[in-house]
1. Please report Rg (one decimal) and Dmax (integer) in Å for the Cα set of the range 154-252.
2. What is the calculated FRET efficiency for residue 49 to residue 219, with r their C-beta to C-beta distance and R₀ = 22 Å, to the nearest 0.05?
3. Restricting to bridges with both residues inside the range 20-163, how much of the DSSP beta-bridge set is antiparallel, in percent to the nearest 5?
4. Starting from 0.36 nm per residue, how many nanometres of slack lie between residue 191 and residue 41 once their C-alpha separation is accounted for?
5. Relative to the compact globular guide of 2.2 N^0.38 Å, what is the alpha carbon radius of gyration of the range 3-54, as a ratio?
6. If each residue's Cβ is checked for other Cβ atoms within 10 Å, how do 251, 127 rank with the fewest at the top?
7. Given the -39500 (n - 2.57) contribution per DSSP H run of 4+ residues, what per-residue ellipticity at 222 nm results for the chain, rounded to the nearest 500 deg cm²/dmol?
8. By how many degrees, between 0 and 90 and to the nearest 10, does the Cα long axis of helix 73-82 differ from the longest principal axis of the chain?
């Protein structure tokens, strides 16, 4: 099955190209069998124009079944950058949520890389897997049910992202799972959590590289009335980024 999303100014739906059916809120729209919609096409449904798009991470809030608050695209982009998530890397993630960050990571890793996700909530795992599979193959995605604080493996990772209630409690164990020079990100919504994450990183052999908050403001563009959107999200979370030190000091 190939799945696209169809998006208008009012709503978003899913297009199953196998059955040529568009799933909208509470109703299905069946297209003629001879119609083969493609990316960028416009479909008019009862006077509303829908654009056919790929189910990319930026549209995740529109098409995914939500089980928890997602990591927004602007935060995900910064995480990918600071954690050096590129094709071929090995990444450890804890806190699957609805799968938004997992999707962004898998797209960045390509087929050569691997994502291991550790999640304590089995219900979240099922929903997240379903959401991500709408967009990308998941052969290189290992999902394990359990706690990141006790997770053990013989594998060593290039980077780790912690989106869990108390990341500072997981940092000592995660430190043992990262390669020297490996990157870590702790994602937390409050200042006191931010402080604990920084302290835990310093105590467990990390150089704290940066503490960041990303504020995104949408602009409503209308002739002679362009202004910021009233519905701007003021705060999502603080991100603490660290680099695992080798433990060696060289005197010059």
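1. 18.1, 63
2. Details: r = 22 Å, r/R0 = 1.01.
The value I calculate is 0.50.
3. On the way: 8 of 22 bridges.
Just about 35 percent of them are antiparallel.
4. Working: separation 150, 0.36 × 150 = 54.00 nm, distance 4.54 nm.
That pair, residue 191 and residue 41, stretches by 49.5 nm at full extension.
5. On the way: Rg = 9.7 Å, N = 52, 2.2 N^0.38 = 9.9 Å.
Here the Cα radius of gyration is 0.99 times the empirical estimate.
6. Values: 251 3, 127 19.
The order, fewest Cβ neighbours first, is 251, 127.
7. Values: 6 runs with 60 residues, N = 252.
For the chain, the value works out to -7000 deg cm²/dmol.
8. Helix 73-82 and the main axis of the chain meet at about 40 degrees.
Bear in mind that the values in this text are calculations on the coordinates, not laboratory data. All figures in this text were calculated on a predicted structure; none of them were measured in a lab. In this analysis, Cβ positions are derived from the backbone assuming ideal geometry, glycine residues included, and neighbour counts consider all displayed protein chains.
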